[in-house]
Structures are given as structure tokens and as C-alpha cells.
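Scroll down for the structure; my scribbles are underneath it.
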């Protein structure tokens, strides 16, 4: 029987307090990056048949399947230590097989708590901060594009590669308490070709999820705004950007984050985003499975709310 899924895509930013790796820079273990890792064991138990989660490492990015949903985020490694953070997860509900959502929750929780790793004979082992083995992956060769032969304007850019999109944000520097926090978001296509860009998870569709990193005096704030149920992407969900063209939208971040306390607020658009870009309408994604983690780098601004 085909799975029945209730689709709710939510970009869920998880700020993680994990052991921070030091020494060499992030993502410098080429053995991690040359393989698609498929889960073989979760806390000593094998995954459900046909629903094994996976992980792929590229530059400082991690992505994969959690069994039902897709996830992506950042990671750092150094001297056998690993820190995984800033995860975003699609939220689909898979009715079958029984236990799949429980397995997925346990997998993501284990991934979040990984503190060290070990590579041995085509196997990746992740350990928590207490040294307990929590995840074991087997290797599966993953074909990766050669960055030296990849154009930055390639449609559907993959995780860790440039997508030819950049974002800039503008906001008033000083505000009284209780004010709207208006942010102007501009998305620019830096490639030499026109592109269709999915509006989802950007201010181009309004504030419909945790799409900004908002910090007050260095502390991350939780998102408290609306969430949106989604079906498959439709043609009207895309915006066309000419080569070198831009599109802008204004949102009120106070609709999703608490700016009532006085302080200094740092605002930045979250990247990578679950999205899709295409050069023609025929190439547009028509399935949730087609969506990819797209890099949309953004500047950051500081807003001060006076006391």
C-alpha cells in the first residue's frame, strides 16, 4: 500500500549546544565527503527495511534522508571530533511502515548529539559526548560533480555548491519597543541566464517559517510565527529572475520572533534553503522529492531596540 503522507514542510532551525571542534577548519576529512553513508545501526538496532536514513558530507554541509523526511545543515570536524548543527528538516508524515516516524526522530536526535567519529573499512561510526556508539553507517559510493567543471549558474545547484543566488537584507538600525521590525529582502540572480526560483522558505512568500536567524545579544531566539502546510510545487510558486535581475519583498520579523526586550538583535537569512531553481518552466520541480538544499548567502544586519 502506498504511503499516505500529510505534507507540512517547515524549515526547522535547531540551535545545538555541542562540543565545538577546534584546530583544522570545518569539513576537511575527504573520506567523509567521498561517500554516501547509509545507516546500518541506530543504538545497536538495524533500521527498518527499505527505510534506512542516509548522510552525505560536502564542504561544511551535511544532508540526507531521515527515512521519511529530508534534512540538511552544517558540520565541522577536527581530530576525530564532529559538531553537527543548524539542521533544517522537511516535515512530512509517513503512515507506513509502522514505526518509521519513531525511527526518524531517534535518528535525528542521535545525529544532533554526535561528538566524535571513526572511519574504519568503509564504515562510519558516530559517538556521543559520553563515548557511546550511537550511529553506524555503511558506505555507498556517491557520484559528485567536479567543482572545477561546474558552472556557478547551473540550475538545481547541489548542497555546498553556489546556486548563483545571493540575498541582501535591510532594516532600520534603531527601533522603540513594540515596533514592527520591517526587513527588506532582495534576491539577486548573479548568473548569465534567467532562472525560475521557488519562493518557498524565503520572504518572497511572506514569513511562513523559521527562515531567519535572529539573535538577541548573541542568544538565538525561537521562531513563534505561523507555519504553512504545503502540497507539491506549482508554477505560480516560482518567480522569474532575469540574468542579473533582482526581486524584493518586505516582511515584519516581529510577527515570528520576540523583539519586546531591549537589546541588540542580529538578523540574517538562513542558508542553505530547501528550494529549487530551473532555467525553463519544463525543468521546474513538480515533486517534494525534487527539492534540494540551495545556498543563498546573505549579509547580516543589527537592529537595536531601545529600553
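Every number in this text was worked out from the coordinates using simple rules, so none of it is lab data. It should be emphasised that the depicted structure is a prediction, and the values quoted were computed from it without experimental measurement. Note that we place each Cβ from the backbone using ideal geometry, even for glycine, and neighbour counts take in every protein chain shown.
A few points about this structure:
- Estimated FRET transfer efficiency (residue 304, residue 236; beta-carbon r; R0 45 Å; 0.05): 0.70
- Diffusion coefficient, µm² s⁻¹, Stokes-Einstein with Kirkwood Rh over alpha-carbon pairs of region 150-305 at 20 °C and 1.002 mPa s: 133
- Stretch gain in nm, segment residue 118-residue 190, where the contour uses 0.36 nm per residue and the Cα spacing is subtracted: 21.9 nm
- Fewest-first ranking of 232, 239, using other Cβ atoms within 10 Å as the exposure measure: 232, 239
- The calculated FRET efficiency for residue 224 paired with residue 30, based on their beta-carbon distance and R0 = 25 Å, is about 0.05.
- Order of 104, 170 under a 10 Å beta carbon neighbour criterion, fewest first: 170, 104
- Each residue in 296, 169 was given a count of other beta-carbon atoms within 10 angstrom of its own, and listing them fewest first yields 169, 296.
- Rough spin-label spacing in nm, given labels placed 7 Å along Cα→Cβ, for residue 105 and residue 280: 4.5
- Distance between region 234-288 and region 161-222 - C-alpha centres, whole angstrom: 6
- For residue 287 and residue 93, a Förster radius of 22 Å and the Cβ-Cβ distance give a FRET efficiency of 0.85, rounded to the nearest 0.05.
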